[in-house]
Structure formats: structure tokens, C-alpha cells
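This report refers to the structure that appears directly beneath it.
The values are calculated or read from the model by the stated rules, or taken from the named source; none is laboratory data. Values in this document were obtained by computation on a predicted structure and should not be read as measured data. Here the Cβ positions follow ideal geometry from the backbone for every residue, glycine too, while neighbour counts run over all protein chains shown. We work out accessible area using only protein heavy atoms, side chains counted, and drop any ligands, DNA or RNA first. Shrake-Rupley method; radii C 1.70, N 1.55, O 1.52, S 1.80 Å.
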Amino acid sequence: CSAAGPASTMPVPCSHCQKSSAVLRRPKTGHSLCRPCFFWAFEEEVHQTIASARLFRPGETVGIGASGGKDSTVLAHVLKVLNERHGYGLNLILLSVDEGITGYRDDSLETVKRNQQQYDLPLKIVSYEELYGWTMDAIVKQVGLKNNCTFCGVFRRQALDRGAMMLGVDKICTGHNADDVAETVLMNFLRGDIARLRRCTAITTGSEGAIPRCKPLKYAYEKEIVLYAYFKKLDYFSTECVYSPNAYRGHARAFLKDLESVRPSAIVDVIHSGENLSVKEDVRMPVQGTCARCGYISSQRLCKACVLLEGLNRGLPKLGIGKHHRLHEKLLARQPLTEQEERKLRAEEF
Amino acid sequence: MCQIHEEYQDHMVENTSIPSISQKCVKCKEGSAVLVIRVGDAFCRGCFKEYFVHKFRAMLGKTRLIFPGEKVLLALSGGPASSSMLSQVQEGLSREAPKKLRFIPGIVYIDEGSACGQSLEERAGRIAQMESIFQATGFPFYVVHLEEVFRLPSSVLQCVSSIPGKPGGSYKAAVDQFIQDSQLFEAQSRLSELSTQDRPEEEVRTSGGRPFTFTLQETKAVERLLDSVKTLTAKEQILQMLRHHLIVHTARVKGYSKVMMGDSCSRLAVKLLSNISLGRGASLAMDTGFSDPRYGDITIIRPMREYSSKEIAFYNKMFGVSSVFIPNLGTKAPEKASIQRLTESFVNKLQMDFPSTISTIYRTSEKLNTACPQLSSDQEQAERCLLCLCALDTGAAEASAFRATLVSEQLSQKSCPEPPPGLSAPGLQRRPAGDERTDCCGSGGGSRCSADEDASSPDPRSLLCYSCRLIIKDMTSVETLPPYIVLETEHRRRRAQMREEISEFLLDPAQELCAALES
């Protein structure tokens, strides 16, 4: 393999076409490429991922989870390009979730709406407010800034599914990139979450009953996604969420970035490790069932979203934080909790 | 196991009072506490010793891997953990109690001075220091120099089959079998001593006042080898690999069937996370588990894996276990110098904020599978990595990180006339629902990895696992590798070619394997 070209003022030829001069060095491989060759390589890699993992079948309706951020914007663009180039025969739809975060999601949804016109794709927006009766702003008001990401994450997952069901979508694609997957492997390892560790590298997830989800950008480096968006001049929204990010994930993320700086292949190396972990057969795994209230997949009697929602509606936001499985029967029967049980579950005083 | 209550426990921990000086030992309730091991558990001196000693014996007792009278080689680095392991073995053997440990220990020390550019005087000084510790134990000991990798036989890279005891069988039956076999084994090991040694190595054992047993050229060769490795990450990996090979070879030549390594829980947590980052996910359990069967006849065991480095440090200090500081490649290197160093500082920092980090990582590893295919036929040999002897993880499915990397490399290089075989992923249209995967996957796709490179090149890459390929990728030249690796590369290439030639006459390999096992 060839090493990265010497860093000099001399124009470096593209290592693929060997004609044009290179404009970038690929973060993933270290090769120097010209603009068209990079576009081609990036798109074809996604195509190889899609083809080799057999993500889609002709005629399917595919919902693209679109947040307006770089990953989903690039995903929507590339899928549209590939759908035409390789004749996938897919019916693409943009699917957005409005969490109700003022100063963040309202702005990013504007980007999605522009994307809809630029790419000429139908768009569906589902909001937390219409699905759950709560916006994230209202949730944060009740629970504070400590566990708010739990609510948002759980609700988003289900909201995307519900939106997809309304549209009769066959599959959902999300913009998770290689960095996200590697980060999740590291995080689940650090937390000892063996069940998630096993699932998190799967390119397609979802069992019977649920709409399958896939990650066509699973092997695309975040940096290359940014490069692609930059050179394609794609319109995307890049602001961090106004509510504090997940602290523990932040550690894993920082570590992964450091690893990448030491050895650029580390990201894909971590994914390779995750894909090849073998878990002992006798390790107990949660059994997947369905929620007794809403019918969504759940390993407990009630799914996390229903418990969180119940907590919000009862004014006991901590009901869904941590594990309170023993209370599920009471919740299902809509019985009141005892004073002692309630005391632990109230919001902390600010 | 009961994760349900974990969250509550966290709260309880917060509420426990901070132990004070005057506190009594939680165990005997009499002696005054001298140290806190875990939150809330304050031990007195006597109880701490008992706890520490018991843990070691319990580890060996419950795993039941070491047989009475078996020769066990202790791999010592001079650091706190392995020194502590040595003291535990001494303690266990000196006992008059009926539960006295009953194996026969020996010590091996690998002198890696040449890897860190130490002068001969420095090295002699350190070796003398180590030897005085070893002599005090009365155990036989072997000081092996890194230079000796240039004299290793290629058999080090072959997994020697041992008759695998049935996993479900009783310990007693296994012991009887061991005693029966040991006579035979004695004879065999003497034989192997004769057959594998290029030169008489006896003088290595006591270098005393005598000069070193390697040549200056060999020292230069070690330096050349390490100079040809561009990154500290790969240097550390290669050094560890060479060290393992030397230890295993020493064990074989001297007739030991078990090797004890002193990896502590803290060390293993770092190793687990760094190995994940190095792409060694598939062999994680082998690299860090209690027993490591990859060499076949020699099993590596890690009896210190339940001790934290803090416990070890306290024990060593309180009971006068001396350890020697030996600088290594990573010493004084900046945090981001290598993946291993980076991971170490990351884990240690995280441990400060989240005190359960190390034990959680360690417990995660307990849930991983150690069961490696315990087969030893010739086919199997080809399925193992040439360098680390772990099962090859490169024959992966079509949609995998490994394949994705190959695709990226391919697409970034000079355009080739046709896509590489196995990568010509079929278009979607040609894949109607429920078709059978006949063409590109399975056998065809897997063999590509070994067939695509020039068979005559000395590049061993196609014989390596994912992670070991990364080592070679970081090298400027593979010609600096010790001869035993080059020899084994050629050997495996030839075997592969032979197999290719006679392939049409071979029956189903799985069947053949079964037949080999039955006979």
C-alpha cells in the first residue's frame, strides 16, 4: 500500500486517476485523491456496503431519518445518487422527528425542508408533541438537564418508527457513521452492556414486528462525511443540541478521536473487533417481547417510552431512569404508588 | 448477576460513611483497620494478608488447571504484579497445611534491554538484580535475552496438539491422565530439546560472571527489526509477541506445560480496551482470559487477574515483596505515543471519575467466549494467524469492516480493469427475494484473501489475522523479521500450494477433520 503523499507545495497527483492533482487526503486510507475520484470512491463504498449487506430490495419504500445534520444530509444525497446510478428502484422518503427544542430543532428542520426541495423527496415530520403530548422543552422543565437525553433518545427511536408506520415504510435508514458505531462499541464495553455490545455492530437491526433499521454509512468515517458535504457544498445544520450532551458517551467519543489520531484505521479496527466478539452462550440475554400497553418491542412488561411517559404524566420523572421493573405491574393497572415509592422518583430540587 | 438492583446499590455506596482511622477491621472486628480495599471494606493487616493469599489459592483451586507435580513456569518481568505472583507461589509451596500447592515452579525472565537501547553494562546490572531475587527463591530460573528470537525454531509458531482433556470430565480423571502421560511427556520433552535447539543453550541459565550468550550481530538485528517498525503501537505489539514466543519456547525446551503470567485486573482492563482498539476483538478472550490454550501443549494462565494494581501495591509494600523497575518501550513516552499508552491513561483517568470502570471492563471480558476450535490438524494450522496463533478473523462475511477496508483501499488506488473477485457485489436487481447465495460468498470469497498475493513474496500478510496485518502495515520492511517467522511463512505457503494441487482429491474437509479426531 502506498503511504500518504509528501506534504509539500508540489501538487500531488490523485492516486486513483493519476491525472488530476489531488485536493484531499482520505482520512480513512491516507490516499490523496482529486475531487471527482473522492466522490466516486465515497459513493461506491456506500454502494458496496448496501449491496454486500443486501440492505434493500427493488420496489421498497425507504424512510431516511433526516435531522438536518451532516450525516443524514449526506445519507439522503448519496442514497438518491445511488438509487439513480445503480437502479435500486427504491422509493425514498425523508422522515424527521420534531423533538420540540427551541433554538435547535426548529432551525435544523428548516434545513430538512430545504433538502426536501433540493433533492425532490417527500418529507414527513412527526413531533413529540403530537405523539406524546410533551415537547423536549417541557420535559427539560420538569426533569432538569441531568437525564433529559434518556427521554429524547427513547422517544426519538419510537417516534421514527411510528412515523415510518404512518407512511407504510419498509425500512428506515439512519445516518450513523463509522465513528458512531465504534464509539458505541467502546461505550458498551466500558459499561459492560453485553447485550447491546452484541447488537450494536449489526448493520441491520429490528426483529419481527418492528420496521428494520439500517446504517448504510456504517463504514464511512465522520471526517469523510464532512469532506464529502464540504466539497459537494451540501446544505446542512451543524449546531450542538442546546441541552447538555450525554457525558459518558463524551468520554468514549474523546477516546476514539485520540485513537484515530494515533492510528487512523483505529475506527474501523474497533468495528472489526465489535463484529468479531464472541459472547459465551450461557450469558443471560434479555428476552425481547412486546410492551403490554403500546405493543412496541420491549424486554420488559412495559416499554421504556411508556414508562418514561407515565413518569412524566404522574409528575415522577425518575420512574424511567434506572430500573424500577417491580413497579411495572402497578403502572399497568394504573394504581397509585406508595408515598415511599414516590419519594425516590420525584425530580431533584434545583 | 442481579443487575436489577444495581442502580440502588450505587446509591447505597454513596451513603456509606468514610472509614476513619479508629475503625475496626470488617472481617475480624478486632484488629484496627490499615487499609480500605473497596469502598467501605477496611481490613486489618492480618485479614488483608489472608484475603490476598486466599484469592490466589482460590483462583487456582476453582479453575483446576494445574495438576499435582506439574512443572509451571512463572514469567517474571520484575514489576509489582509478577513479583507478587512469585511471592504467592512461594507462600503456597511453603505451607505445611494439607492444602499446600503441589506444582513444581520455575522462573523465566526475558531481558529486553536491546529493545530500549540499553548498554550491556546496564543490562548486566539489571539481570544481576533480578537473579539475586530469583536465587533467593531456590527455584530454577532462566534468563533469556531478546536476541534469542533470532535462533528460535519455526515450531514456536505451530500449535502443538495436546490430547485435549474432555471439558466435562472430572478433575480427578484429568489428574490421573496427567500422571500417566507425564512419563511419556518427560521423554518427549527431552526429545524436543534435542530436535529444536540449534546450539546448546545451557549456559544461558546462569550467566553469572560470564559474558552474554548472544552476538553483537543479533543485538543489531533486534535494533534493525524495531527500527523497521514505524509506530510505537506496532513496536509494542511485536515486542509482546516475541516475548511470548521466547517464553513458550523456553517452557517447551525445559519441559514445562503451564506458564503463569502476572497480569493484574487493572492491566487486563487496559489490555482489553487496547486490544479492541487494535482490532483484536476476535481473540480478546484468549488474550486476556484465565487460561490461554493457543499454543496447544503449553497453556498460559493468568492467576493474578482478580487483583487490582492497588491491592498488589499495598500487599507488596506491607509484606516486603520487592520489585524491580525495568524501563520498557513505553516508559517516558507521551500519552499519545501509542494506542496502548493512550488506552492506559484513558482507563486510569476514567477510573478516577467512575471507580467501577476497571472492574466493569474486567467483568465484561468474563462474558466472552474462550472456546477456541481445539483442533490441530493441518487444515487448522492454516486457519491460525502466523504470528499470534489465534483463529483467523479475515475470512469474514461479505459485509464486514474487513471487506469495507479492502474496498476503500481498492477504490483509492489506480483503477484496476475489473473489480477484485468476491467484491463484485451483485446489483440489487439480480437479487430477487429469497434467492440462494451461490456465487460470490462462502468459499469463493474466503479464499481470495490468501490467493490474491504473490505466493513467492516474503510478505506474510495473507497468513495473518486482521490485527497482525496492521503490524506488518506499519513496517517498512518484513525482511527484518527473525528467521523463524520467515521459515514458517514459507512452510505454510508450501502447504497451501500443495493443498491447492491436490484439492480435487480431498474430501470434505469437515469430514476429514472428524475422521482425524476419531482415530
Problem set entry | Any hit, segment B:209-222, residues being under 25 Å from the mean Cα position of the chain (by Cα), at pLDDT 85 or above and under 23 Å from B:Ser365 (Cβ atoms) | no
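In the set B:Gln410, B:Gln351, which member is in contact with a Pro (Cβ under 7 Å, 6 or more places away or on another chain), surrounded by 15 or more Cβ atoms within 10 Å (Cβ to Cβ) and modelled with pLDDT of 85 or more? Give the derivation first.
Numbers: B:Gln351 fails: in contact with a Pro (Cβ under 7 Å, 6 or more places away or on another chain).
Answer to the selection: B:Gln410.
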Exercise. Which of the residues that make up segment A:225-247 are modelled with pLDDT under 95 and within 24 Å of A:Arg54 (Cβ to Cβ)?
Worked result: none
For this session: Considering (1) among the aliphatic types (A, V, I, L, M); (2) assigned by the TED database to the domain that holds B:His245; (3) open to solvent by less than 20 Å² (accessible area, probe 1.4 Å), say which one B:Ala42 fails and leave the rest.
Result: (2)
Exercise. Which members of segment B:296-341 meet the condition of being touching a residue at least 40 places away in the same chain (Cβ under 8 Å), within 14 Å of chain A (Cβ to nearest Cβ) and in a helix (DSSP H, G or I)?
Worked result: B:Ala337, B:Ile339, B:Gln340, B:Arg341
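When you scan segment A:36-55, do you find a residue that is in contact with an Asp or Glu (Cβ under 7 Å, 6 or more places away or on another chain), within 9 Å of chain B (Cβ to nearest Cβ) and modelled with pLDDT of 90 or more, even just one?
First, pick out the residues of segment A:36-55 that are in contact with an Asp or Glu (Cβ under 7 Å, 6 or more places away or on another chain): A:42, A:52.
Now restrict to residues that are within 9 Å of chain B (Cβ to nearest Cβ): A:42, A:52.
With the extra rule that they be modelled with pLDDT of 90 or more, the set shrinks to A:42, A:52.
Checked against the condition, which is being in contact with an Asp or Glu (Cβ under 7 Å, 6 or more places away or on another chain), within 9 Å of chain B (Cβ to nearest Cβ) and modelled with pLDDT of 90 or more, segment A:36-55 yields at least one hit.
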Exercise. Condition test on A:Gly30, is it assigned by the TED database to the domain that holds A:Thr174 and either crowded, with 23+ Cβ neighbours inside 10 Å or not in a helix (DSSP H, G or I) (or both)?
Worked result: no
Seminar exercise, completed: Within segment B:315-330, the count of residues that are over 14 Å from B:Gly78 (Cα atoms) and touching a helix residue (DSSP H, G or I) at 6+ places or on another chain (Cβ under 8 Å) comes to 5
Problem set entry | Residue list for segment B:88-114, restricted to those being surrounded by fewer than 21 Cβ atoms within 10 Å (Cβ to Cβ) and part of a helix (DSSP H, G or I) | B:Gln90, B:Glu91, B:Gly92, B:Leu93, B:Ser94
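Out of everything in segment A:261-276 that is touching a helix residue (DSSP H, G or I) at 6+ places or on another chain (Cβ under 8 Å) and open to solvent by 30 Å² or more (accessible area, probe 1.4 Å), what residue ends up being nearest to the other protein chains (Cβ to nearest Cβ)? Walk me through how you get there before you give the answer.
Of segment A:261-276, the ones touching a helix residue (DSSP H, G or I) at 6+ places or on another chain (Cβ under 8 Å) are A:261-263, A:265-276.
Remaining after also requiring open to solvent by 30 Å² or more (accessible area, probe 1.4 Å): A:261-262, A:275-276.
Details: A:Ser261: 7, A:Val262: 5, A:Glu275: 6, A:Asn276: 4 Å.
Among them, the one singled out is A:Asn276.
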Problem set entry | Of residues in segment A:233-260 being under 18 Å from the mean Cα position of the chain (by Cα) and of a type in the set (Phe, Trp, Tyr), the one nearest to the other protein chains (Cβ to nearest Cβ) | A:Tyr248
Problem set entry | Filter pass, A:Glu129 being outside any loop (DSSP other than H, G, I, E, B), among the charged types (D, E, K, R) and either open to solvent by 30 Å² or more (accessible area, probe 1.4 Å) or over 26 Å from A:Tyr248 (Cβ atoms) (or both) | yes
Seminar exercise, completed: From the option list A:Leu332, A:Leu316, A:Leu309, single residue qualifying as outside the structural domain of A:Arg157 (by the TED database) and open to solvent by less than 20 Å² (accessible area, probe 1.4 Å) is A:Leu316
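Select from segment B:1-51 the residues that are part of a loop (DSSP other than H, G, I, E, B), of a type in the set (Val, Ile, Thr) and within 34 Å of the chain's Cα centre (by Cα) and write down the one among them that is modelled with the lowest pLDDT. Steps first, please.
First, pick out the residues of segment B:1-51 that are part of a loop (DSSP other than H, G, I, E, B): B:1-2, B:16-23, B:25-31, B:33-34, B:37-41, B:44.
Checking the rest, the ones that are also of a type in the set (Val, Ile, Thr) come to B:16, B:18, B:21, B:26, B:34, B:37, B:39.
Imposing the further condition that a residue be within 34 Å of the chain's Cα centre (by Cα) reduces the set to B:37, B:39.
On the way: B:Ile37: 79, B:Val39: 71.
Looking at the filtered set, the residue picked out is B:Val39.
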For this session: Go through segment A:90-125 and give me each residue that's in contact with a helix residue (DSSP H, G or I) (Cβ under 7 Å, 6 or more places away or on another chain) and open to solvent by 40 Å² or more (accessible area, probe 1.4 Å).
Result: A:Asp98, A:Thr102, A:Leu123, A:Lys124, A:Ile125
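Which of the residues that make up segment B:52-74 are open to solvent by less than 30 Å² (accessible area, probe 1.4 Å) and either among the small types (Gly, Ala, Ser) or more than 22 Å from the chain's Cα centre (by Cα) (or both)?
We begin by selecting, within segment B:52-74, every residue open to solvent by less than 30 Å² (accessible area, probe 1.4 Å); these are B:52-53, B:56, B:59-60, B:66, B:70, B:72-74.
Passing the criteria: B:Phe52, B:Val53.
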For this session: Name the residue, out of B:Arg430, B:Arg492, that is farther than 25 Å from A:Val268 by Cβ, outside the structural domain of B:Thr219 (by the TED database) and at pLDDT below 65.
Result: B:Arg430
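Yes or no, residue by residue, for (1) at negative phi; (2) touching a strand residue (DSSP E or B) at 6+ places or on another chain (Cβ under 8 Å); (3) not hydrophobic (A, V, I, L, M, F, W, C):
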residue	(1), (2), (3)
A:Ile101	yes, no, no
A:Glu110	yes, no, yes
A:Leu121	yes, yes, no
A:Lys124	yes, yes, yes
A:Tyr128	yes, yes, yes
A:Thr135	yes, yes, yes
For this session: Considering every residue within segment B:251-270, establish whether at least one is in contact (Cβ under 8 Å) with a residue 40 or more places away in the chain, open to solvent by 10 Å² or more (accessible area, probe 1.4 Å), of a type in the set (Lys, Arg) and assigned to a helix (DSSP H, G or I).
Result: yes
Exercise. Does segment B:394-409 hold any residues that are of a type in the set (S, T, N, Q) and either more than 13 Å from A:His47 (Cβ to Cβ) or more than 7 Å from chain A (Cβ to nearest Cβ) (or both), and which are they?
Worked result: B:Thr394, B:Ser400, B:Thr405
For this session: Test A:Val81 against the stated conditions and say whether it is modelled with pLDDT of 95 or more and among the hydrophobic types (A, V, I, L, M, F, W, C).
Result: yes
Problem set entry | Failed item in (1) open to solvent by 30 Å² or more (accessible area, probe 1.4 Å); (2) touching a Leu at 6+ places or on another chain (Cβ under 6 Å), with A:Gly63 passing the rest | (1)
For this session: Pick out the one residue from A:Thr239, A:Thr201, A:Thr290 that is within 29 Å of B:Ser408 (Cα to Cα) and either open to solvent by 50 Å² or more (accessible area, probe 1.4 Å) or in contact (Cβ under 8 Å) with a residue 12 or more places away in the chain (or both).
Result: A:Thr201
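Among the residues of segment B:450-476, which ones are hydroxyl-bearing (Ser, Thr, Tyr) and at pLDDT 90 or above?
Residues of segment B:450-476 that are hydroxyl-bearing (Ser, Thr, Tyr), as a first pass: B:450, B:456-457, B:462, B:466-467, B:476.
Passing the criteria: B:Tyr466, B:Ser467, B:Thr476.
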Exercise. Any residue at all in segment A:260-268 that is among the basic types (Lys, Arg) and either in a helix (DSSP H, G or I) or closer than 24 Å to B:Leu368 by Cβ (or both)?
Worked result: yes
For this session: Give just the number: which of (1) of a type outside the set (Val, Ile, Thr); (2) at pLDDT 85 or above; (3) under 27 Å from B:Gly281 (Cα atoms); (4) out of contact with any Gly (no Cβ under 9 Å at 6 or more places or on another chain) does B:Glu479 not satisfy?
Result: (3)
